[in-house]
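This report concerns only the one structure given below.
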Protein chains: 2
Amino acid sequence: MSQKTAKAINDACEIQFVDEKRVKSVRRVMKSAEAITALAETFKILGDPTRVKIAFALSKEELCVCDIANLLKVSQSAVSHSLRTLRQMKLVKFRKEGKIAYYTLDDEHINNLLDVGFRHVEELL
Amino acid sequence: MSQKTAKAINDACEIQFVDEKRVKSVRRVMKSAEAITALAETFKILGDPTRVKIAFALSKEELCVCDIANLLKVSQSAVSHSLRTLRQMKLVKFRKEGKIAYYTLDDEHINNLLDVGFRHVEELL
DNA sequence: TGCATATATGAACAGGCGTTCATATATTAA
DNA sequence: TTAATATATGAACGCCTGTTCATATATGCA
């Protein structure tokens with residue numbers, strides 16, 4: 001393995017080969033380490049059938065909690081818990097209109113993730 | 001929620017509102033339902049710190065098992081188990097040269113997934 | 001105010017999962 | 001063949017997580 005590769009990977013994962021002298025780059029290293037952690041977290045959250053279905057549904061249209069629950073035939077409670085998880089990782093956002101909460105995907109990146117993911121799995125089926 | 005949206009979501013998730021009469025589209029529905037399942041599975045597999053680090057490392061360079069283990073400071077056994085999981089979802093592939101197994105990402109889609117994922121998390125940090 | 005609706009949330013339980021440990025397989029060299 | 005190296009794998013243990021159930025909060029209507 002090349003030195004360059006080791007460094008690049010190390011920068012991102014904050015693992016082995018960290019040259020303690022590179023003080024100036026510590027911040028970047030830290031940030032990248034956080035990024036890898038956040039990346040895993042993001043994938044993990046989308047790695048649940050209920051949550052990915054919710055995300056897919058929201059990629060089509062803004063929906064309220066009870067619509068999602070009815071559509072997916074999942075209890076209101078389960079949907080609400082799932083939405084909180086999605087919200088915490090900034091995958092969805094919502095606006096409140098009276099007693100109804102309307103959810104949408106947080107940004108276009110999520111749509112992108114779903115698209116790229118679909119493109120991968122389509123070749124498996 | 002519009003009828004159109006309900007149909008689209010339903011087609012993909014195979015949930016509620018399925019019009020049993022649409023015999024001709026059953027196959028597409030099934031395929032999409034499988035796709036959603038496979039999509040969740042794919043995200044789930046990348047939703048583990050060790051595996052996403054491995055994927056990230058492999059996006060930089062082809063690596064053998066022991067290189068990965070050393071780089072990530074994870075036991076050889078854990079790496080091997082992780083690689084098997086990644087292999088089963090066709091996220092990585094390998095070639096064998098003597099007793100050494102060299103792993104790479106299976107295709108460009110995976111690189112894409114990592115990229116898009118990074119683009120999302122970078123805005124969170 | 002009282003009641004129904006929409007959503008959120010804490011507790012708890014069951015099932016799933018990643019690691020470790022021990023061991024098996026396979027290749028290479030002596 | 002024997003020893004060493006590289007990788008794979010099964011079993012098992014402890015942790016994590018998604019759901020359910022009960023309940024809380026909050027809004028709207030009568």
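Identify, from the list B:116, B:52, the residue that is closer than 20 Å to residue A:113 by Cα and away from DNA strand D (no atom under 16 Å from the Cβ).
B:116
Quick check on this structure: which one of A:121, A:79 is in contact with a helix residue (DSSP H, G or I) (Cβ under 9 Å, 6 or more places away or on another chain) and either among the polar types (S, T, N, Q) or away from DNA strand D (no atom under 16 Å from the Cβ) (or both)?
Being in contact with a helix residue (DSSP H, G or I) (Cβ under 9 Å, 6 or more places away or on another chain) and either among the polar types (S, T, N, Q) or away from DNA strand D (no atom under 16 Å from the Cβ) (or both) holds for just one of A:121, A:79, which is A:121.
Please determine, by comparing only the residues of the range A:55-81 that are in a helix (DSSP H, G or I) and touching a residue at least 40 places away in the same chain (Cβ under 8 Å), which one is nearest to the other protein chains (Cβ to nearest Cβ).
By that ranking, first place goes to A:56.
Yes/no per residue for (1) within 13 Å of DNA strand C (Cβ to nearest atom); (2) within 17 Å of residue A:32 (Cα to Cα); (3) open to solvent by 40 Å² or more (accessible area, probe 1.4 Å):
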site: B:43; (1), (2), (3): yes, no, no
site: B:57; (1), (2), (3): no, yes, no
site: B:62; (1), (2), (3): no, no, yes
site: B:96; (1), (2), (3): yes, no, yes
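Inside the range B:82-101, can you point out the residues that are part of a loop (DSSP other than H, G, I, E, B) and of a type in the set (Lys, Arg)?
B:90, B:99, listed by residue number.
hydroxyl-bearing (Ser, Thr, Tyr), assigned to a helix (DSSP H, G or I), more than 12 Å from DNA strand C (Cβ to nearest atom) and at pLDDT 95 or above, is that true of residue A:5?
no
Just give me the residues in the range A:32-54 being within 7 Å of another protein chain (Cβ to nearest Cβ) and of a type in the set (Ser, Thr, Tyr), in sequence order.
A:37, A:42
Any idea which of A:104, A:50 is under 16 Å from the mean Cα position of the chain (by Cα) and either surrounded by fewer than 14 Cβ atoms within 10 Å (Cβ to Cβ) or assigned to a strand (DSSP E or B) (or both)?
Among A:104, A:50, only A:104 is under 16 Å from the mean Cα position of the chain (by Cα) and either surrounded by fewer than 14 Cβ atoms within 10 Å (Cβ to Cβ) or assigned to a strand (DSSP E or B) (or both).
Given the conditions (1) at pLDDT 90 or above; (2) more than 16 Å from the chain's Cα centre (by Cα), and given that residue A:30 satisfies all but one, which numbered condition is not satisfied?
Single failed check for residue A:30: (1).
The values are calculated or read from the model by the stated rules, or taken from the named source; none is laboratory data. Bear in mind that the values here come from a model prediction, so they are computed numbers and not experimental data. Heads up, the Cβs are rebuilt from the backbone with ideal geometry, glycines too, and the neighbour counts pull from every protein chain shown. Only protein heavy atoms, including side chains, enter the accessible area calculation; ligands, DNA and RNA are left aside. Shrake-Rupley method; radii C 1.70, N 1.55, O 1.52, S 1.80 Å.
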